[in-house]
Amino acid sequence: WYQPSEEWHAPRAENDLRVGGEFLTRMEAKDGSMGFDYSGIYDEVKLHETIAYTLGDGRKVDIAFIDQGEATKVVEIFDAESTNPVEFQQAGWQAILDSFKRYTEAS
């Protein structure tokens, strides 16, 4: 499910979801044209509430899970990087969240 579109995939992932734990996800275009590692360390993990982490380049990400009865609202706040426009980054993060939503609803 960890992909912004059908053209991408995550062929490798490691995850230690606890404070101080590390994660690494290899993101690649399925056609092999490009790829990158996405990694960081968890700063805060509260079951059903929040996940916060610091990326390898020092940027911060905070994710809140808000109970709305029969649904959960996910709010993700991230420090943007300086290479790509913020709107492009927001669209990419939203696409991954949309993919996660489809995955969970199909399970």
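The values are calculated or read from the model by the stated rules, or taken from the named source; none is laboratory data. Because the structure is a prediction, the values reported are computed rather than measured. As a convention, Cβ positions derive from the backbone with ideal geometry for all residues, glycine included, and neighbour counts pool all protein chains shown. In case anyone asks, the SASA skips ligands and DNA or RNA and just uses the protein heavy atoms, side chains included. Shrake-Rupley method; radii C 1.70, N 1.55, O 1.52, S 1.80 Å.
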Worksheet item: What whole number of Å gives the distance from the Cα centroid of region 1-50 to the Cα centroid of region 64-107?
Response: 13 Å
Fill in: Percent carbon-and-sulfur accessible area, the chain, ignoring ligands, DNA and RNA, probe 1.4 Å
52 percent
Worksheet item: What accessible area per residue comes out for the chain, rounded to a whole number of Å², with a 1.4 Å probe?
Response: 69 Å²
Worksheet item: Label 7 Å along Cα→Cβ of ALA91; region 28-51 residues with amide nitrogen under 18 Å?
Response: 29
Worksheet, complete the sentence: Mean shadow area (nm²) of the C-alpha convex hull around the chain is 7.3 nm²
Worksheet, complete the sentence: Karplus-derived 3J(HN,Hα) from phi for region 19-28 (6.51 cos²θ - 1.76 cosθ + 1.60, θ = phi - 60°), whole Hz, x at Gly and Pro, runs 4, x, x, 10, 9, 8, 10, 8, 9, 9
Practice prompt. For GLY21, list long-range residues whose amide hydrogen, built 1.01 Å from N in the peptide plane, is under 5 Å from its own amide hydrogen.
Written response: TYR42
Worksheet, complete the sentence: For the pair LYS101 and ARG59, the simple spin-label estimate (label points 7 Å beyond Cα toward Cβ) gives in nm 2.2 nm
Worksheet item: Residue-wise, which Karplus ³J(HN,Hα) couplings in Hz belong to region 54-66, taking 6.51 cos²θ - 1.76 cosθ + 1.60, θ = phi - 60°, and x for glycine or proline?
Response: 10, 6, x, 8, x, 5, 9, 9, 10, 10, 10, 10, 10
